[in-house]
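The values are calculated or read from the model by the stated rules, or taken from the named source; none is laboratory data. Owing to the predicted nature of the structure, the values given are computational and were not obtained by experimental measurement. Note: ideal-geometry Cβ built from the backbone for every residue, glycine included; neighbour counts use all protein chains shown.
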Amino acid sequence: MGDVLSQNEIDSLLRALNEGELDVEEMKDTPEKPVKNYDFARPSKFSKEHLRTLEIIFEHYGRLLSTNLPVYLRKSVQIEVMDSEAVTYSEFSNALINPVLLGIVDMEPLSGSIIIGMAAKLGYSIVDRMLGGVGEPLEKDRDFSEIELLILERIMVVCVELLSEPWQNVVKIHPRLERIETNSQFAQIISPNEMIAIVTINIRIGEVEGLMNICLPFLTLEPIMDKLNTKFWYSSIKKSDEQEYTEAIQGLISRAPVPIKAYLGKSTVSVQDFTNLQIGDIIRLDSKVDRELDIYVGNIRKFTALPGASGNQYAVRITSVIGEEQ
């Protein structure tokens with residue numbers, strides 16, 4: 001709503017019109033603000049900020065795929081996020097060419113499911129690699145056999161399990177593969193007119209290249225839409241990173257086996273004396289009894305200590321810590 005004019009301002013405008021200082025026709029020629037048509041069939045439920053955040057999430061997901069899939073395929077896997085866009089579900093399903101690999105994924109605790117769609121030639125290549133081949137796709141597409149689908153299900157389960165980590169800064173999910181469909185008509189998870197976000201990922205397995213499309217319905221993401229922005233994303237990372245990574249590093253270090261040894265001294269003996277050693281024999285060392293021992297952590301001299309006993313066990317008592325400069 002524009003500013004309300006005072007009575008003095010109204011009188012000044014009328015006076016200017018009467019005296020010819022203002023031209024009404026010129027005022028009519030003032031360009032109007034452009035009006036953007038609103039398409040009710042395709043409501044803009046995903047902003048550019050939402051789509052950009054989804055790209056960031058799946059860039060992280062792509063790095064996990066490129067690290068984990070080579071373990072199963074024994075082939076280098078390169079992942080690149082190509083694009084993200086908002087379309088209706090009917091546009092997504094109509095663009096699919098059968099046969100296609102569609103993994104229906106439950107996104108608990110979010111309601112509804114998402115779809116991970118993979119090009120058929122990638123599926124053929126994965127099956128070939130899993131069965132010991134070089135990973136070449138078929139010259140002509142055909143339907144997948146039951147055995148091939150079981151093999152692909154194993155790889156799809158791995159892909160689904162990797163989804164939880166990229167989403168943890170937005171929401172903690174427990175993704176689960178419900179089923180695999182090879183015909184888009186049997187993967188109707190929402191109404192055709194519902195809006196979805198599609199993230200397109202390019203996958204390269206050796207020399208074979210194909211696309212993976214992640215279909216994310218608005219109805220599934222609606223409870224967390226306010227968190228799908230880069231400001232929330234980076235702030236949550238900053239808050240959680242320091243404490244989580246510190247605790248994780250401390251936990252890993254506490255479980256790491258570290259060899260520690262006390263160096264008593266050294267001696268020179270003949271081979272004959274060495275072969276005749278018996279329990280209870282005494283070996284003369286080059287160090288004195290009251291001399292502090294050197295304690296090594298790994299191969300680094302880290303402490304000095306005095307020898308002794310703790311109960312029925314030999315032990316040492318630390319007397320000093322050796323700094324790096326020593």
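Those residues that are part of a strand (DSSP E or B) and either free of Cβ contacts under 8 Å to residues at least 12 places away in the same chain or not assigned by TED's automatic domain parsing to the domain that holds Leu177 (or both), I need them from segment 208-223; list them, please.
Glu209
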Flagged in segment 82-106 as modelled with pLDDT of 90 or more and within 21 Å of Met225 (Cβ to Cβ), in numbering order, are Val105, Asp106
Condition (residue is under 58 Å from the mean Cα position of the chain (by Cα), at pLDDT 85 or above, under 24 Å from Ile253 (Cα atoms) and surrounded by fewer than 11 Cβ atoms within 10 Å (Cβ to Cβ)) applied to segment 293-309: is it met by at least one residue?
yes
Just give me the residues in segment 61-91 being crowded, with 18+ Cβ neighbours inside 10 Å and either among the acidic types (Asp, Glu) or over 24 Å from Leu162 (Cα atoms) (or both), in sequence order.
Thr88, Tyr89
For Arg291, are the conditions met, namely being assigned to a loop (DSSP other than H, G, I, E, B) and charged (D, E, K, R)?
yes
Scanning segment 243-275 for residues that are assigned to a loop (DSSP other than H, G, I, E, B) and surrounded by 10 or more Cβ atoms within 10 Å (Cβ to Cβ) gives Leu264, Gly265, Ser267, Val269
Suppose we filter Phe46, Phe58 for residues that are farther than 30 Å from Asp128 by Cβ, aromatic (Phe, Trp, Tyr) and buried (at least 16 other Cβ atoms within 10 Å of the Cβ); which single one remains?
Phe46
Would you mind telling me which numbered condition in (1) surrounded by 20 or more Cβ atoms within 10 Å (Cβ to Cβ); (2) within 22 Å of the chain's Cα centre (by Cα); (3) more than 19 Å from Ile57 (Cβ to Cβ) Val157 fails?
(1)
Looking only at segment 276-292, and only at residues there that are of a type in the set (Asp, Glu) and free of Cβ contacts under 8 Å to residues at least 12 places away in the same chain, the one that is surrounded by the most Cβ atoms within 10 Å (Cβ to Cβ):
Asp281
Tell me yes or no: at least one residue of segment 97-108 is free of Cβ contacts under 8 Å to residues at least 60 places away in the same chain, over 30 Å from Leu221 (Cα atoms), over 25 Å from the mean Cα position of the chain (by Cα) and assigned by TED's automatic domain parsing to the domain that holds Asn68.
no
Suppose we filter segment 156-196 for residues that are part of a helix (DSSP H, G or I) and touching a Phe, Trp or Tyr at 6+ places or on another chain (Cβ under 6 Å); how many remain?
1
Any chance you could count how many residues in segment 235-257 are at pLDDT 75 or above and of a type in the set (Lys, Arg)?
0
Could you tell me which numbered condition Phe232 fails, if it satisfies all but one of (1) in a helix (DSSP H, G or I); (2) at pLDDT 90 or above?
(2)
